[in-house]
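Novice: Here it is, the structure in full.
Please treat every number below as a calculation from the coordinates, not as lab data. This one's a predicted model, so the numbers in the text were calculated from it and none came from an experiment. Don't worry about glycine lacking a Cβ; one is built from the backbone with ideal geometry, like all the others, and counts go over all protein chains shown.
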Amino acid sequence: MAGEFKSGDLVGVLPSAPIDGFLDYRVSGSEVDTGSFVMVPLGPRKVVGVVWDKGDGNFDPSRIRPIIKVLDVPGLDDNFRLFLEKVAEYNLVSLSSTLARLTRLPEPTEGPKVEKCCRWDGNLPSKMTPTREKVFKFLKPGREYLIKDVITEAGVGMDVLKRLESGGFLQFSEKLIKDEVPVFNLEGNTVELNDEQRSATEKIFCILDREEFSPILLKGVPGAGKTEVFLEVIARTLKEGKQVLVLLPEIALTSQIIKRFNDRFGEAPFEWHSSVSKVQKRKIWRMAGEGTAQLVVGARSALFLPFSNLGLIVVDEEHDSSYKQDSGIIYNARDMAVLRASLYKANIILVSATPSLESLVNVTKGKYERVDLLSRFGDATLPEIDIIDMKGETDTSGKWISGALIKEISDRLQKGEQSLLFLNRRGYAPITVCANCGNQVGCTDCDARLVEHRYFNEMICHQCGARSVVPKKCPDCHAEEMMVPLGPGIERLAEEVKSIFKQAQIEVLSSDLVESPMQLKDTLEKISKGEVDIIIGTQIIAKGHNFPYLTLVAVIDADVGLQGGDFRAAERTFQIIRQVTGRSGRADIPGIALLQTWNPDHPVIQAITSNNDEAFWEAESREREVTGSPPFSQYIGVIVSGKDVDEVEGFSMALAQDSKPLMDENYELYGPAPAPIARIQGRVRYRLLIKAERSLRVQRAIRMWLNQFKIPGSIRLTIDVDPQRFL
């Protein structure tokens with residue numbers, strides 16, 4: 001098929017280099033289409049770029065250089081290029097950076113994979129040797145063989161085959177390697193849906209039949225069978241010949257959901273996350289562009305695969321903060337998934353037992369549809385949730401497990417049932433203090449305390465990752481044997497559990513201690529089979545897992561997330577506790593959940609124990625609306641960082657003082673002020689916060705505001721649209 005641009009035409013190429021704009025190049029030799037990947041010269045380098053449009057022609061014709069090569073890979077279609085433009089526009093980053101950082105670029109030599117083959121026409125050389133005899137004993141006349149198979153099966157070297165080829169006895173050729181495409185069984189479900197699941201599925205199908213873009217929020221209590229419902233929607237989409245993307249917030253959830261897909265469709269989908277090899281990722285990327293990767297399950301970066309026929313996106317655990325990318329190109333994969341679905345006229349389902357307030361408000365405004373699952377699947381019932389008031393505990397010095405909880409765990413051990421203790425703090429202790437002078441051990445490069453990780457025998461900074469040995473004497477006053485750990489981390493909790501329940505089989509799960517996805521998968525399988533008595537975990541264990549023998553969940557410090565000034569504190573605490581308590585009693589054995597708290601009358605604690613989710617969300621929504629907090633407004637964070645505190649403060653003040661483009665639109669600007677963690681990796685950090693109504697006008701105003709300034713090379717300016725954290 002003829003290309004859109006012929007030899008000699010000017011094309012605008014977006015290079016994968018930090019250039020905010022397009023560069024003109026001349027088509028030379030091979031014809032190209034809009035969206036084609038090309039290799040182009042950029043100064044002394046050769047870089048990969050994408051043909052975006054026809055060239056401007058606003059350059060000296062003698063300086064326009066030719067395209068070096070058109071890469072033999074699927075190009076980016078109109079929808080995907082528009083998606084990248086919208087991502088860059090919304091998140092206030094350059095389009096070239098968006099292309100380079102978010103879209104996996106093909107290698108300059110990448111293209112369809114071929115393998116060398118050979119064919120024998122039946123003629124034999126007059127001079128036979130033992131090695132030649134091995135070759136012709138293996139070969140059959142007229143058949144094509146992969147050369148690597150001949151070498152392996154005949155036990156000869158490539159030099160033998162080359163000599164036979166030069167003598168005319170073998171004919172060499174190349175064969176295109178075709179990727180294996182899973183064949184999914186789409187006709188029948190291995191699980192009988194209950195009445196509520198069937199009703200929810202039918203309601204979703206009715207919404208899809210309207211053929212109008214309408215995101216669907218699938219809200220269901222933990223254990224209601226939400227996965228089986230969206231599997232039905234996936235089956236329908238695959239039958240239509242369209243591609244499906246399922247996003248997960250964490251790799252920890254992958255193994256169980258992959259098994260569910262395998263059980264339902266008879267084949268596993270393609271996986272896309274940090275543990276997938278580069279070779280496999282190149283294969284999936286190419287197949288997504290060709291349309292042959294029908295079903296992909298992956299982490300947030302899978303959103304930027306170049307699907308050619310995308311029909312459905314499922315965002316599982318849509319409320320999860322892991323969907324927010326906090327470094328490099330800062331974006332929220334959930335929100336960008338809604339954007340991509342709208343551009344592709346694809347369907348999108350947001351799934352959660354505890355949806356984000358943003359999604360719930362979008363339902364209230366009529367932007368999203370809502371489908372509910374109100375009861376658990378099968379004979380399982382929701383756990384009873386009760387409070388352990390720690391103020392009533394008589395002996396709490398140096399102990400983190402209440403007497404009431406010890407009794408409940410002992411009862412489960414006698415019954416052969418499992419207990420889960422949840423504490424969302426990694427390491428041994430969050431603070432290490434000198435009992436002599438009161439000094440708290442901190443990071444030398446960050447304004448953050450070092451966290452003792454006794455498992456590694458190290459102090460670790462959770463901001464920059466710096467590691468040091470556990471001090472035997474105070475770094476400040478040099479007093480020896482006076483360093484005291486304060487507060488519990490998950491390792492300290494495990495130490496106490498092991499001292500109390502000496503005969504129990506105990507597993508400790510946190511992101512620090514999991515060495516590989518395979519190890520995590522093996523541990524989760526052990527738990528599912530009932531081979532573990534007590535599970536101690538952080539948020540890695542809080543959601544998406546189904547443990548049939550688990551009948552007790554205890555939240556060790558239910559108050560921990562309610563501290564600090566983050567306006568999302570109540571929402572996040574409610575979500576994580578509701579998620580983790582939902583792990584209890586998911587089979588036919590009833591379960592209970594216990595919250596250890598020093599503040600039993602807190603509205604969040606009361607909302608959880610009363611099982612009145614809707615009342616909590618209504619109250620939280622009213623409070624946010626009264627204060628004008630998101631989602632009833634939009635926040636944009638501006639972080640200025642550098643090595644020199646005076647330079648950072650001075651530039652931050654200059655930004656605040658010359659903010660007319662923002663003021664003209666009546667946007668509010670707060671700051672600058674030192675960030676709560678004012679120094680990370682040796683860089684001083686100041687924050688400004690813009691508050692505005694939700695519209696792209698704010699992005700345009702911010703660009704006008706920042707374009708007034710020349711940012712010094714020693715200053716780094718980062719923009720965080722819709723910040724999830726304010727550190």
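Novice: Please work out the Cα center distance from the range 92-141 to the range 496-525, rounded to the nearest Å.
Specialist: The range 92-141 and the range 496-525 have Cα centres separated by 44 Å.
Novice: How high is the FRET efficiency between R700 and I406 when r is their beta carbon distance and R₀ equals 60 Å, given to the nearest 0.05?
Specialist: According to the calculation, E is roughly 0.50.
Novice: Compute the Cα gyration tensor for the range 195-373, then decide on rounded, prolate or oblate, letting a ≥ b ≥ c be the square roots of its eigenvalues: rounded whenever a/c is under 1.5, prolate when a/b is larger than b/c in the other cases, and oblate in all that remain.
Specialist: It is rounded, given that a/c, with a ≥ b ≥ c, falls under 1.5.
Novice: Can I ask one more? Among the GluC sites (Glu not before Pro) within the range 475-557, which fall in a DSSP loop and have no more than 13 other Cβ atoms within 10 Å of their own Cβ?
Specialist: Those that pass, being in a loop and sparsely packed, are E481, E515, E531.
Novice: Counting pairs of Cα atoms in the chain, how many percent are more than 52 Å apart?
Specialist: Here the tail beyond 52 Å accounts for 21 percent of pairs.
Novice: Can you put R703, R45 in order of Cβ neighbours within 10 angstrom, beginning with the fewest?
Specialist: Sorted ascending by nearby Cβ count, the order is R45, R703.
Novice: Mind giving me the FRET efficiency for M663 and D522? R0 is 35 Å, r the Cβ-Cβ distance, nearest 0.05 is fine.
Specialist: Details: r = 58 Å, r/R0 = 1.66.
So, using R0 = 35 Å, E works out to roughly 0.05.
Novice: Right, here's the next one. Over the range 485-559, what is the relative contact order in percent, taking alpha-carbon pairs closer than 8 angstrom and at least six residues apart?
Specialist: Normalised by residue count, the contact order of the range 485-559 is 34 percent.
Novice: Assign one of three labels to the range 175-289, namely rounded, prolate or oblate, based on the Cα gyration tensor with a ≥ b ≥ c the square roots of its eigenvalues; rounded applies when a/c is under 1.5, prolate when it is not and a/b is larger than b/c, and oblate otherwise.
Specialist: Prolate is the answer for the range 175-289, as a/c is 1.5 or above and a/b outweighs b/c.
Novice: Take T364 and R26, extend 7 Å from each Cα along the Cα→Cβ direction, and tell me the distance between the two endpoints in nm.
Specialist: About 6.2 nm, to one decimal.
Novice: How high is the relative contact order of the range 114-176? Use alpha-carbon pairs under 8 Å, at least six apart in sequence, and give a whole percent.
Specialist: 53 percent
Novice: Which value, in debye to the nearest 20, gives the size of the charge dipole of the chain about its Cα centre, when Lys and Arg are +1 and Asp and Glu are -1 at the Cβ?
Specialist: 2440 debye
Novice: Which whole-number percent is the relative contact order of the chain (Cα, under 8 Å, 6+ apart)? Don't skip to the answer; put the middle values down first.
Specialist: Details: 1377 pairs, mean separation 75.6, N = 727.
In percent, rounded to a whole number, it is 10.
Novice: A further question on this structure: List L520, L245 from most exposed to least, where exposure is judged by having the fewest other Cβ atoms within 10 Å.
Specialist: L520, L245
Novice: If one computes the Cα centroid of the range 266-322 and of the range 700-722, what distance in Å separates the two points?
Specialist: Cα centroid to Cα centroid, the span is 33 Å.
Novice: Which of the pairs K219/K521; K278/K345; K407/K502; K6/K178 have their Cα atoms more than 19 Å apart in this structure?
Specialist: Too far apart for the 19 Å limit: K219/K521; K278/K345; K6/K178.
Novice: Would you compute, from DSSP H runs of 4+ residues alone, the mean residue ellipticity of the chain at 222 nm, taking -39500 (n - 2.57) per run and dividing by the full residue count, rounded to the nearest 500?
Specialist: -9000 deg cm²/dmol
Novice: Using per-residue counts of other Cβ atoms within 10 Å, averaged over each peptide, order 231-242, 204-215, 688-699 from highest down.
Specialist: 231-242, 688-699, 204-215
Novice: Also, I was wondering about something else. Can you sort E192, E133 from fewest to most other Cβ atoms within 10 Å of each residue's own Cβ?
Specialist: On the way: E192 9, E133 12.
By the 10 Å Cβ count, ascending: E192, E133.
Novice: Using the per-residue mean of other Cβ atoms lying within 10 Å as a proxy for protection, in what order, highest first, do the peptides 664-677, 353-366 fall?
Specialist: Ranked from most to least packed, the peptides come out as 353-366, 664-677.
Novice: Could I ask something else about it? Going by Cα centres, the range 151-221 and the range 389-461 are how many Å apart?
Specialist: 46 Å
Novice: Between S610 and V183, what length comes free when the chain is fully extended (0.36 nm per residue of separation minus the Cα-Cα distance, one decimal in nm)?
Specialist: My answer for the length gained is 149.1 nm.
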